[in-house]
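Notes for the one structure printed next.
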Amino acid sequence: MIQLTQVNSKFILTERKSVLNREWARVMLMETRRLTKKEMWIFAVGQLGWSILGGIINTWLVTFYLPTTQSVEAGAKFYVPTGLVVGGILTVLGLITFVCRIFDAVTDPLIASLSDRSKNPKGRRIPFMGIAAIPFALITVLVFCAPIGHISKINIVWVLVFLILFYLFMTMYCTPYNALISEFGKTQEDRMYISTAISLTFFFGTLVAYLPFVFAGPLQKHVGYSWSYRIWFIILAAIALFCMLVPVRKLNEKEFVDAVPSKTNTLGSLAATFKNRNFRRFAFSDISYWIGLTLFQTGLPFFVKVSMQLDEFYTTVFLGGMTVLSACFYPFVAGLVRGFGKKRLVIFGFLGLALAYVVTALIGIIPRGIVPGIIIVVVAAFPMALLGIIPQSIVADVAEEDAIKTGEKREGMFFAARTFAMKFGQSIAMLVFTSLAVLGTTQNIKSNDLTASPVGLRIVAIVAVVFCCLGALILSRYDEKKVMETIGASKETDSSVQAESAPEEQA
């Protein structure tokens, strides 16, 4: 009887051990599930969608509400005051964008914390993206539908309210989306591939946002100046919505991610994120990058029409040329990262972008026309490839290193902070551009129909050079070696544990 009991106990222990080993194998399989290349591109299509919407706001908010003299002659209306009427140094539009970023300072960490702590059975990230997509696209269009056909306080309130809502739903989509870069990128190879794919879709989406420069003109004699652009905003928003829903419908987050929801509250998670010294250094350099990029993206139509004195059609030509040329460098970036490291290449990208701005600032000193535009395209293409791909991968590295050290996965908060850096940088750029672009004008600077001047645009370009150089200087303090050593040591430990556990499972 005793012997039978011993046999039964041994059998039960053996069964328990077998069950535990099967459970371990199941967990390990879930942890190592990687996206295929096709699935990575499905994921990248979401970035194509939101970059179209972001491109519409970044490109057209100032262009639509602060029209050039040529646009006014074509029928553009003034919906809000354009002069430096806020303290004599700010425009109404610049102040609106700044207020929206203050709102973002609250919503970014809040949405990130809600996503990190989510217990939704469909995942922590994709459900947020699905909720945000439709209002995100709709509100983008409404930003440009000011109800009064002339300068009015009602229009000011309209733009403010819908721009705040725009950034709210942008955060609800982008913060969870960006967090998936780290969670979907199981290896450095995967992260670089995902970063490359979403960088390409980002720049292509930005290019798509410039299409109204080409196609709105023929509509103007039929529907008027404002509606010729609004119709195209509606078309582009519909395309963007379809793209944003692709990863929501096609990817099952739970197949690739088995993360434990964070238990830290919003303020605690935010404080822990910025406690990471390397992330702070990256974040401040990233703000400088987005200021520089947005000054270029917002200013390009003005540089083309006012500085180069070309038709606005060339805005799309130059951006398209830069996008195509930049994409030609994409296949080489991963190899360059292996050879030179991420930090060095991003610093090089900053300095290259600064050089493109130097050329922009010299327009008027060097001959006007198409030649400066071609030089800018050639000079900026490679830096844009570096800055478009690598920073996302750096955030994923820092988030992984932090998870290794703290034992808590808070990718959402790290990428929320990066999203905030992006939007804060864009806000500063809008504030700077709208205030500086009108300097040197012969008009009264408080005039409600104030337009940009060549002198003001030159000042904008010089300021952009300063911010690019500042970004390079700050990033030079980022300790890439320490981050990668921590990740590498963790990978080696995981491999050892897996190797030790495998024979036990076979036994």
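Here Glu411 meets each of (1) under 13 Å from the mean Cα position of the chain (by Cα); (2) open to solvent by less than 10 Å² (accessible area, probe 1.4 Å) with one exception, condition (1). Once region 45-63 is narrowed to residues that are closer than 11 Å to Met244 by Cβ, hydrophobic (A, V, I, L, M, F, W, C) and crowded, with 23+ Cβ neighbours inside 10 Å, the residue that is nearest to the chain's Cα centre (by Cα) is Trp50. Checked against the criterion of being buried (at least 23 other Cβ atoms within 10 Å of the Cβ), of a type in the set (Phe, Trp, Tyr), at pLDDT below 85 and over 21 Å from Cys174 (Cα atoms), the candidates Phe213, Phe313 yield just one match: Phe213.
Looking at Ile134, is it farther than 17 Å from Leu93 by Cα, open to solvent by 40 Å² or more (accessible area, probe 1.4 Å) and at pLDDT 85 or above?
Judged against the criteria, Ile134 is a match.
If you go through region 188-216 and keep only what is in a helix (DSSP H, G or I) and aliphatic (A, V, I, L, M), you end up with Met192, Ile194, Ala197, Ile198, Leu200, Leu207, Val208, Ala209, Val214.
Cβ separations smaller than 8 Å between residues 6+ apart or across chains give the following pairs from region 111-122 residues that are open to solvent by 90 Å² or more (accessible area, probe 1.4 Å) to residues that are assigned to a helix (DSSP H, G or I): Pro121/Lys254; Lys122/Glu253; Lys122/Lys254.
Taking only region 19-44 into account, find how many residues are of a type in the set (S, T, N, Q), open to solvent by 40 Å² or more (accessible area, probe 1.4 Å) and at pLDDT below 85.
Within region 19-44, the subset of a type in the set (S, T, N, Q) is 21, 32, 36.
Add one more test, that the residue is open to solvent by 40 Å² or more (accessible area, probe 1.4 Å), and what stays is 32, 36.
Okay, now just the ones that are also at pLDDT below 85, so 32.
So the count comes out to 1.
Looking across region 157-210, just one residue is free of Cβ contacts under 8 Å to residues at least 24 places away in the same chain and touching a helix residue (DSSP H, G or I) at 6+ places or on another chain (Cβ under 7 Å), and that is Phe162. Reported count of residues in region 237-253, each being under 18 Å from the mean Cα position of the chain (by Cα) and within 12 Å of Thr140 (Cβ to Cβ), is 4. Of all the listed residues (Thr175, Thr196, Thr206), the sole one being more than 23 Å from Phe136 (Cα to Cα) and β-branched (Val, Ile, Thr) is Thr196.
Okay, residues lined up against (1) in a helix (DSSP H, G or I); (2) modelled with pLDDT of 80 or more; (3) more than 21 Å from the chain's Cα centre (by Cα):
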| position | (1), (2), (3) |
| --- | --- |
| Phe420 | yes, no, no |
| Ser435 | yes, no, yes |
| Thr442 | no, no, yes |
| Ile459 | yes, yes, yes |
| Val466 | yes, yes, yes |
| Val483 | yes, yes, yes |
| Glu500 | yes, no, yes |
| Glu504 | yes, no, yes |
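Could you tell me which residue of region 265-305 is least open to solvent (accessible area, probe 1.4 Å), considering only residues that are among the charged types (D, E, K, R) and either more than 30 Å from Gly373 (Cα to Cα) or outside any helix (DSSP H, G or I) (or both)?
Arg281
The values are calculated or read from the model by the stated rules, or taken from the named source; none is laboratory data. Since this is a predicted model, take the numbers as computed values, not measurements. Heads up, the Cβs are rebuilt from the backbone with ideal geometry, glycines too, and the neighbour counts pull from every protein chain shown. Ligands, DNA and RNA are excluded from the accessible area calculation, which covers all protein heavy atoms including side chains. Shrake-Rupley method; radii C 1.70, N 1.55, O 1.52, S 1.80 Å.
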